[in-house]
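Notes to accompany the following structure.
The values are calculated or read from the model by the stated rules, or taken from the named source; none is laboratory data. These numbers were taken from a predicted model, which means no experiment stands behind them. We place every Cβ from the backbone using ideal geometry, glycine too, and count neighbours over all the protein chains shown.
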Amino acid sequence: MSNTENEGFNKIRNLLSCRQVLNILTMLGFMLNYALRVNLTIAIVQMVQPETQLDSNSTNTTDFSSEQNVEDTKDDRFAWDSYHKNFVLGCFFGGYILTELPGGRLAELIGGRRVFGHSMFWASLLTLITPLAAHISYVALIIVRVVLGFMLGASWPAIHPVAAVWIPPMERSRFMSNMMASSLGAAITMPICGFLMDVAGWSSVFYLTGAVGLLWSFAWFTFVYETPATHPRISPEERREIEEAIGTTTSKIHASRVPWGQLLSSSAVWAIIVTHALSVYGFFTLVHQLPTYMETVLKFDIKENGLFSSLPYLGKYVMAFSSSCYADYLRKKRILSTTATRKIFTSFALLTPGFLMVAQVFLGRDAAWSVIIFTFALFTHGAVTAGYLGNGLDIAPNFSGTIFGLANTFSSLGGFLSSGMVAMLMQGDESNYRQWQKVFWVLAVTYISGALVYVVLGSGELQSWNNESKITTLDSINIEEEVPLKSTKIRTKINAKAEK
């Protein structure tokens, strides 16, 4: 490498640390992750013919083998009823649920950078061909959405192994708040989608989000590396700081075998799984149904729909970041234990939206009250990043990808069922406020139950089985990667074993 290139790298390194670059790209990655997912949520408002128009059509809206029935070529809209519209929204989870656990486990073994990066890259390509698939057939669109879910399903658990090797324990709440940048992505995507559809039609939404996703993928693979030891631009000081803070709690050696018996019998693990499933069930229901509710009950147009639907997600990210910083401060100063911190923030994040959904039952006809309630419900829900969301890194960093993969598998099933639940309760009439009240009651019970489960079963203590696996061979160990820079004691022990 030339002196000029070295100087350029030094300038970049002095401006931003490798950890800061990772934080920025992770935040942008999760913003795009949800942009690739929720673009259909708001685009479908314009993609589908109004139900009043469907009622006046003589064609059978449940027979999608008829080309005449699939699409109205006059206004580029599809003849889908409420059931089929919700099925298109929910089929994403058919693929999403399949790669949650394998994605987390794969990231523990080969590295989160590869898994997270590739899942986003292929999801971006699928997003670009979504309009084409929709025009080909209803079934083609379903296939694309299922495969899109298959790709994105691996992204969420993959980021935990990244945090396990890159982020010191007392900074992990703050890093995990990057996952809630998904809400920021939704907040930005929804109004942009609204204005873009008004100008260029619904197809433009998929072209924009897919193209931006490809640009992000290029940046991720260029600037992010699997471990501090393999990063060519990291300073010795930053590498030493990371490795000394993490110590021996995280290792590919220990992660080579999952202690399934102890993991699945751990109440701390099940606290994460159950709470996450109930929490995400409520969140996904709001994400998928909020635009429809605003159009059919509150009578917002496309532009207002995108703008007001985005407000709750913007608030959620603000809460996620601020609460995570505060949680790390409380733990670092030893004001609260990790267990107490996780339980307090989880309770706040779930009980508040639960009670706000009760308020929505009685105030939901009023547009102003609805916007306020949804905004504060998702605003407070952002505190899960300081609660259960990164709890797997506390109790078992070596298997945090596996734990989150299990949790997200159950939550993905809930996400799929939530669309079916809404379709069933609506009974074909999405403008019926009495039916929406039933949805809000279900959400209230879901959120409150999640908080109670975590308070009873949750823990922030490192589990003994995290480091249970022993080193059985040294042939495949990269000494430079596995040993901290100045850990001479550990280096000597490994060298001695290698000589034997």
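Inside region 85-121, residues that are closer than 18 Å to V287 by Cα and part of a helix (DSSP H, G or I) make up a count of 10. Set side by side, the residues F440, F410, F399, F404 differ, and just one is within 18 Å of V453 (Cα to Cα) and either modelled with pLDDT of 90 or more or surrounded by 24 or more Cβ atoms within 10 Å (Cβ to Cβ) (or both), which is F404. For region 368-390, a residue qualifies if it is surrounded by fewer than 17 Cβ atoms within 10 Å (Cβ to Cβ) and in contact with a helix residue (DSSP H, G or I) (Cβ under 8 Å, 6 or more places away or on another chain), and exactly one does: W369. For region 368-396, filtering for residues that are within 19 Å of the chain's Cα centre (by Cα), among the aliphatic types (A, V, I, L, M) and over 16 Å from H276 (Cα atoms) leaves 1.
Restricting attention to region 334-354, which residues are crowded, with 17+ Cβ neighbours inside 10 Å, closer than 20 Å to M170 by Cβ and either in contact with a strand residue (DSSP E or B) (Cβ under 9 Å, 6 or more places away or on another chain) or not aromatic (F, W, Y) (or both)? Even if it seems obvious, please write down each step before you answer.
Narrowing region 334-354 to residues crowded, with 17+ Cβ neighbours inside 10 Å: 336, 338, 341-354.
When the remaining residues are screened for being closer than 20 Å to M170 by Cβ, the result is 336, 338, 341-346.
Answer for region 334-354, where residues must be crowded, with 17+ Cβ neighbours inside 10 Å, closer than 20 Å to M170 by Cβ and either in contact with a strand residue (DSSP E or B) (Cβ under 9 Å, 6 or more places away or on another chain) or not aromatic (F, W, Y) (or both): L336, T338, T341, R342, K343, I344, T346.
A Cβ distance below 6 Å, combined with a sequence gap of six or more or placement on separate chains, defines the contacts here; from region 76-90, residues that are within 14 Å of T41 (Cβ to Cβ) reach residues that are in a helix (DSSP H, G or I) in the pairs N86/S419; N86/A423; L89/H288; L89/S419; G90/F416; G90/S419.
Look at region 161-219 and say how many of its residues are of a type in the set (S, T, Y) and more than 20 Å from the chain's Cα centre (by Cα). So the answer is 3.
Every condition in (1) within 30 Å of E237 (Cβ to Cβ); (2) of a type in the set (A, V, I, L, M, F, W, C); (3) surrounded by fewer than 24 Cβ atoms within 10 Å (Cβ to Cβ); (4) touching a residue at least 12 places away in the same chain (Cβ under 8 Å) is met by I110 except one, and the failing one is (4). Among the residues that make up region 31-38, is at least one of them modelled with pLDDT under 90, crowded, with 23+ Cβ neighbours inside 10 Å, among the small types (G, A, S) and in contact with a strand residue (DSSP E or B) (Cβ under 7 Å, 6 or more places away or on another chain)? No, the conditions are met nowhere in region 31-38. Do we have Q46 as modelled with pLDDT of 80 or more and of a type outside the set (V, I, T) here? Against the criterion (modelled with pLDDT of 80 or more and of a type outside the set (V, I, T)), Q46 qualifies.
Return yes when R77 is of a type in the set (D, E, K, R), touching a Pro at 6+ places or on another chain (Cβ under 9 Å) and farther than 28 Å from E461 by Cα and no when it is not. When the stated conditions are applied, R77 passes them. What do you reckon, is K303 among the charged types (D, E, K, R), surrounded by fewer than 20 Cβ atoms within 10 Å (Cβ to Cβ), at pLDDT 70 or above and in the same structural domain as G390 (by TED's automatic domain parsing)? No, not satisfied. Which residue pairs have Cβ atoms under 8 Å apart, sit 6 or more places apart or on different chains, and have a first residue in region 16-37 that is free of Cβ contacts under 8 Å to residues at least 60 places away in the same chain and a second that is in a helix (DSSP H, G or I) and surrounded by fewer than 22 Cβ atoms within 10 Å (Cβ to Cβ)? Between residues of region 16-37 that are free of Cβ contacts under 8 Å to residues at least 60 places away in the same chain and residues that are in a helix (DSSP H, G or I) and surrounded by fewer than 22 Cβ atoms within 10 Å (Cβ to Cβ), the close pairs are L16/I24. Applying a threshold of 8 Å to beta carbon distances and a minimum spacing of six or more residues, or different chains, the list of pairs starting in region 202-225 at a residue that is of a type in the set (A, V, I, L, M, F, W, C) and ending at one that is outside any helix (DSSP H, G or I) reads W202/D76. Among the residues of this structure, T99 counts as one that is within 30 Å of F321 (Cα to Cα), of a type in the set (V, I, T), surrounded by 18 or more Cβ atoms within 10 Å (Cβ to Cβ) and modelled with pLDDT of 85 or more. Taking residues in region 373-384 that are over 15 Å from F284 (Cα atoms), and partners anywhere that are modelled with pLDDT of 90 or more and among the polar types (S, T, N, Q), the pairs with Cβ atoms closer than 7 Å and at least 6 places apart or on different chains are I373/Q360; T380/T352; A383/S323. The criterion of at least 1 residues that are of a type in the set (D, E) is met, among helices (runs of 4 or more DSSP H) falling completely within region 168-276, by 181-200, 236-246.
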